[in-house]
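K.L.:
What follows is a single structure, and I will ask about it in a moment.
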Amino acid sequence: MTTDHQQLIVGIGAGARELATEDMILNIGPQHPSTHGVLRLRITLDGERIQTAEPIVGYMHRGAEKLFEVRDFRQIIVLANRHDWLSAFANELGVVLAVERMLGMEVPERAVWARTLLAELNRVLNHLMFLGSYPIEMGAITPIFYAFREREEIQRVMEEISGGRMHYMFNRVGGLKEDLPAGWLGRTRHAVSDVRSRMGDIRNLIAGNEIFHARTRGVGVLSREQILQYGVSGPIARAAGVDFDLRRDEPYLAYGELTVPVVTRKEGDCLARFECLLDQVYVSLDLADACLDRLERLPQGPINQRLPKILKVPEGHTYAWTENPLGINGYYLVSRGEKTPWRLKLRSASYNNIQVLAEILPGNLVADMIAILGSMFFVVGDIDK
Amino acid sequence: MDAVALPGSGLAKGLAVTLRTMTRRSITRQYPDVQPDLPPRSRGVIALFEENCTVCMLCARECPDWCIYIDSHKETLPAEGTARARAHNVLDRFAIDFSLCMYCGICIEVCPFDALFWSPEFEYAEYDINELTHEKDRLREWMWTVPPPPADDPAAELPKEAR
């Protein structure tokens, strides 16, 4: 630990040799409230200090990649939006982008901007969830109510356009499922400005709170080397100064026409990760506004492409990656010219992000483990797929 | 922790947020007493308009988890005059197992004869999982709760019929 809290051994009583400590193996999970699901951590403890930590994953493995191989591309969207249930829209996006690239398909402009808008709203929803749940783990109950109040605002416009609250199922190869309902742009603009005006509540309550700072500052510091070795991505990597965001560095959708400010921090500790997430919400809300401006000005046009009854993707392979709310999602699509993919490899952000726990947990106390685990912002479904 | 921060200022700040929220209107939804106002596209339950179904089986085939069960038989209608007798399918059973359904809406999208619709109704929880398989009578009852689709954005392309 790099904090000023240093453990000081003031004296050892007589007979300390007989009192030699023994390491204890502690299983955190797979059923434990602090693991947000079924992540299991096998931890070796010396007293309260963690010696080694090993994340054991796979309790929620649903074989998504294998199932993809026997599903057509519309059915794959159903499965793909479920592995990370907090960023369903962003997950659908990677699949359709890969398929469209293989088909050489041009997506109508309105669909591109609407997708960008929905992807950013989805990012806000995802981040708000963690901005609410992380303080709970630190003992602050209130922020989750504020976070969910804001989530509801955006959830409502997402439900109005897609019909779903979680698994939107709104992307299709070549565009979106249906057009925007009349007046939806105005209601979305309203929701975005409402959320922006009230984000200060969460910031005032938590980001400046000294108890929160005491629990998170200097705890669980990730280094640049560890990030590069483990392939950590997303807000967690940017909190340690790794300035990499696909929306800016390899633009997809309409991001190339937008200026995407990339939020970074230097410290790489739990607090920096939380602050990154908080600032990213503001960035996403601004991007959503920019998309709304553009959508209002776009001329009349289609929102999707007419597809053949049986959609076959030509032989070949491609790798599409997107900046998901939690990090980089990659989709390696291999097709042999059939209506199902021969292989669709999924690179999910949480899987890589969680592996680095084995590096950063040792040396910390059990209480700090909760703080570190919560600040890694993962979804267990995204780890196990 | 700024060096100049007064002790307890974080607490005061937190209480200020609480106080400000106290003066605002509550956003609590009185759900069982007041029904939620769901948008027409809400995916609550699938309704069947039996008359439109031709037993083409597309929905059952395209369903990602095969939760639609269809049984049918063929009937031949004697034709008037010199016309050839026509055979047509008669639907015996149409059931959707909502304990398996993933609410993706592919069945509704593929139905070429507009026999399936989304309804925003959602209050059909059961004590027994078998009760979640809605047979065609029950699916038909949902039909009367299907709302008209919302109007499209002015920038949307006109439907084929209006072009």
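K.L.:
Going down the table (A:177/A:385; A:177/A:309; A:339/B:160; A:177/B:160; A:66/A:385), which pairs top 20 Å between alpha carbons? Don't jump to the answer; show the numbers that get you there.
P.N.:
On the way: A:177/A:385 25 Å; A:177/A:309 15 Å; A:339/B:160 27 Å; A:177/B:160 16 Å; A:66/A:385 10 Å.
The pairs that break the limit, which is 20 Å between Cα atoms, are A:177/A:385; A:339/B:160.
K.L.:
To continue, here is another question. Pop out the carbon and sulfur fraction of the accessible area of the protein assembly as shown as a percent, whole number, probe 1.4 Å. Display every interim value, and only then the final one.
P.N.:
Numbers: 14360 of 26100 Å².
Reported share for carbon and sulfur atoms: 55 percent.
K.L.:
Based on the alpha-carbon set only, what is the convex hull volume of chain A divided per residue, in Å³? Mind dumping the intermediate values first?
P.N.:
On the way: hull volume 52.6 nm³, N = 385.
Per-residue hull volume (Cα only) is 137 Å³.
K.L.:
Taking the highest mean first, how do the peptides A:80-90, B:62-72, A:227-237 order by number of other beta carbon atoms within 10 angstrom per residue?
P.N.:
Details: A:80-90: 24.3, B:62-72: 16.7, A:227-237: 22.4.
Result, highest mean Cβ count within 10 Å first: A:80-90, A:227-237, B:62-72.
K.L.:
Still on this structure, please answer the following. Out of residues 5 or more away from residue A:180 or on other chains, whose amide H comes under 5 Å of its own, with H placed 1.01 Å from N in the peptide plane?
P.N.:
B:153
K.L.:
If you don't mind, there's one more thing I want to ask. For the protein assembly as shown, with the dipole built from +1 on Lys and Arg beta-carbon atoms and -1 on Asp and Glu ones, taken about the Cα centre, which of B:101, B:76, A:231 lies farthest toward the positive end?
P.N.:
Sorting the options by dipole projection puts first A:231.
K.L.:
Here is a further query. Please report the spacing between the Cα centers of segment A:207-277 and segment B:83-134 in Å, no decimals.
P.N.:
Using only Cα atoms to place each centre, the spacing works out to 46 Å.
K.L.:
From largest accessible area down, sort B:37, B:114; use a 1.4 Å probe on the protein chains. Before the final figure, lay out the partial values.
P.N.:
Details: B:37 150, B:114 90 Å².
Largest accessible area first, the residues go B:37, B:114.
K.L.:
For segment A:54-207, with every protein chain kept in place, what is the accessible area per residue (1.4 Å probe, Å²)?
P.N.:
Working: 4510 Å² over 154 residues.
With all protein chains present, segment A:54-207 gives 29 Å² per residue.
K.L.:
Something else about it: Report the FRET efficiency, 1/(1 + (r/R0)^6), for residue B:82 and residue B:144, where r is their Cβ-Cβ distance and R0 is 41 Å, rounded to 0.05.
P.N.:
Numbers: r = 42 Å, r/R0 = 1.03.
Computed FRET efficiency for residue B:82 and residue B:144 comes out at 0.45.
K.L.:
Okay, next question. Of the candidates A:207, A:371, A:119, which one comes out as most mobile in a Gaussian network treatment of chain A with C-alpha springs shorter than 10 Å?
P.N.:
So, out of A:207, A:371, A:119, the one fluctuating most is A:207.
K.L.:
Which stretch or stretches of segment A:351-385 have amide N atoms under 13 Å from the point lying 7 Å from residue A:24's Cα along the Cα→Cβ direction?
P.N.:
Label zone hits: A:366-367.
K.L.:
In addition: Using the Karplus curve 6.51 cos²θ - 1.76 cosθ + 1.60 with θ = phi - 60°, work out ³J(HN,Hα) for each residue of segment A:367-378 in order, rounded to whole Hz, and write x for Gly and Pro.
P.N.:
So the J values, rounded to whole Hz, are 4, 6, 4, 4, 5, 6, 4, x, 7, 7, 6, 10.
K.L.:
Pull out a ≥ b ≥ c, the square roots of the eigenvalues of the alpha-carbon gyration tensor of segment A:249-336, then state rounded if a/c is under 1.5, prolate if not and a/b is larger than b/c, and oblate in the remaining case. Spell out each step's value before the answer.
P.N.:
Working: a/c = 3.27, a/b = 1.42, b/c = 2.31.
Verdict is oblate for segment A:249-336.
K.L.:
Given a 1.4 Å probe and the protein chains all in place, what does the accessible area of residue A:201 round to, in Å² to the nearest 10?
P.N.:
We get 10 Å² for residue A:201.
K.L.:
Can you give the helix-only mean residue ellipticity at 222 nm for chain A, where every DSSP H stretch with n ≥ 4 adds -39500 (n - 2.57) and the sum goes over all residues, rounded to the nearest 500 deg cm²/dmol?
P.N.:
Helix-only estimate at 222 nm: -14000 deg cm²/dmol.
K.L.:
Let a ≥ b ≥ c be the square roots of the eigenvalues of the Cα gyration tensor of segment A:268-319; is it rounded (a/c under 1.5), or, if not, prolate (a/b larger than b/c) or oblate? Please list the in-between numbers first.
P.N.:
On the way: a/c = 4.92, a/b = 1.53, b/c = 3.21.
Because a/c hits 1.5 or more and a/b fails to exceed b/c, segment A:268-319 counts as oblate.
K.L.:
Under 15 Å from a point placed 7 Å out from the Cα of residue A:106 along the Cα-to-Cβ direction: which residues of segment A:289-303 have their backbone N that close?
P.N.:
A:301-303
K.L.:
Per residue of A:198-211, how many C-beta atoms from partner chains lie within 10 Å of its own C-beta, taken as a mean?
P.N.:
Details: counts 2, 0, 2, 5, 1, 1, 6, 8, 4, 0, 7, 6, 9, 4.
Other-chain Cβ atoms within 10 Å of each residue's Cβ, averaged: 4.
K.L.:
Moving to a separate point now. Keeping all protein chains in position, work out how much accessible area residue A:265 exposes to a 1.4 Å probe, and write it in Å² to the nearest 10.
P.N.:
We get 60 Å² for residue A:265.
K.L.:
Hey, another quick one. Name the shape class, rounded, prolate or oblate, that the alpha-carbon gyration tensor gives for chain B, where a ≥ b ≥ c are the square roots of its eigenvalues, rounded holds for a/c under 1.5, and otherwise prolate holds if a/b is larger than b/c and oblate otherwise. Could the numbers behind the result be given before it?
P.N.:
Values: a/c = 3.41, a/b = 2.49, b/c = 1.37.
Here chain B falls in the prolate category.
K.L.:
What residues in segment A:139-175 lose 20 Å² or more of accessible surface when the other protein chains are added to their chain alone (1.4 Å probe)?
P.N.:
Buried by 20 Å² or more upon assembly, which counts only protein chains, are A:146, A:149, A:156, A:159, A:160, A:163, A:169, A:172.
K.L.:
Kindly write out, for segment B:83-100 in residue order, the coupling ³J(HN,Hα) from the Karplus curve 6.51 cos²θ - 1.76 cosθ + 1.60 (θ = phi - 60°), rounded to whole Hz, with x marking Gly and Pro.
P.N.:
Karplus-based 3J(HN,Hα) across segment B:83-100 equals 5, 6, 5, 9, 9, 9, 7, 10, 7, 9, 9, 9, 9, 10, 8, 6, 7, 9 Hz.
K.L.:
Students often forget the sequence filter, so: which lysines lie under 28 Å Cα-Cα from residue B:13 once same-chain residues fewer than 8 apart are removed?
P.N.:
Answer for residue B:13, where 28 Å is the Cα cut-off: A:266, listed by chain and number.
K.L.:
Placing +1 at every Lys and Arg Cβ and -1 at every Asp and Glu Cβ, with all other atoms neutral, what dipole size does the protein assembly as shown have around its Cα centre, in debye to the nearest 20? Could you put the intermediate results ahead of the total?
P.N.:
Working: 61 positive and 74 negative charges, 146 e Å.
About 700 debye.
K.L.:
Using a 1.4 angstrom probe with every protein chain in place, what is the largest-first accessible-area order of A:345, A:66, A:385, A:312? Display every interim value, and only then the final one.
P.N.:
On the way: A:345 75, A:66 140, A:385 25, A:312 120 Å².
In descending accessible area the options line up as A:66, A:312, A:345, A:385.
K.L.:
Let me ask something else about it. Residue A:45's amide H: which non-local residues (gap 5+, or another chain) put their own amide H closer than 5 Å, with H modeled 1.01 Å from N in plane and none for Pro or chain starts?
P.N.:
A:24, A:25, A:26, A:51
K.L.:
Can you give the mean number of other chain Cβ atoms that lie within 10 Å of the Cβ atoms in peptide B:145-152? Don't skip to the answer; put the middle values down first.
P.N.:
Values: counts 0, 0, 0, 0, 2, 9, 4, 7.
Counting other chains' Cβ atoms within 10 Å and averaging over B:145-152 gives 3.
K.L.:
In whole Å, what is the distance between the alpha-carbon centres of segment A:306-361 and segment B:54-76?
P.N.:
32
K.L.:
Subtract the Cα-Cα distance of residue A:190 and residue A:214 from 0.36 nm times their separation in residues, and report this length gain in nm to one decimal.
P.N.:
Working: separation 24, 0.36 × 24 = 8.64 nm, distance 3.65 nm.
Gain in length upon complete extension: 5.0 nm.
K.L.:
How high is the FRET efficiency from residue A:243 to residue A:298, r the C-beta distance, R0 30 Å, rounded to 0.05? Walk me through the intermediate numbers first.
P.N.:
Working: r = 32 Å, r/R0 = 1.06.
Approximately 0.40, to the nearest 0.05.
K.L.:
Residue-wise, which Karplus ³J(HN,Hα) couplings in Hz belong to segment A:281-286, taking 6.51 cos²θ - 1.76 cosθ + 1.60, θ = phi - 60°, and x for glycine or proline?
P.N.:
Per-residue couplings from phi come out as 4, 4, 4, 5, 5, 5 Hz.
K.L.:
Further question on the same structure: To the nearest 10 degrees, how steep is helix A:143-162 against the longest Cα principal axis of chain A, on a 0 to 90 scale?
P.N.:
20
K.L.:
Heavy atoms of the protein only, probe of 1.4 Å, neighbouring chains included. What is the accessible area of residue A:338 in Å², nearest 10?
P.N.:
Here the accessible area works out near 100 Å².
The values are calculated or read from the model by the stated rules, or taken from the named source; none is laboratory data. Just so you know, these numbers come straight off a predicted model, no measurement behind them. No Cβ is skipped: glycine too gets one built from the backbone with ideal geometry, and neighbour counts run over all protein chains shown. Quick note on the areas: whole protein, heavy atoms, side chains included, nothing else; ligands and nucleic acids left out. Shrake-Rupley method; radii C 1.70, N 1.55, O 1.52, S 1.80 Å.
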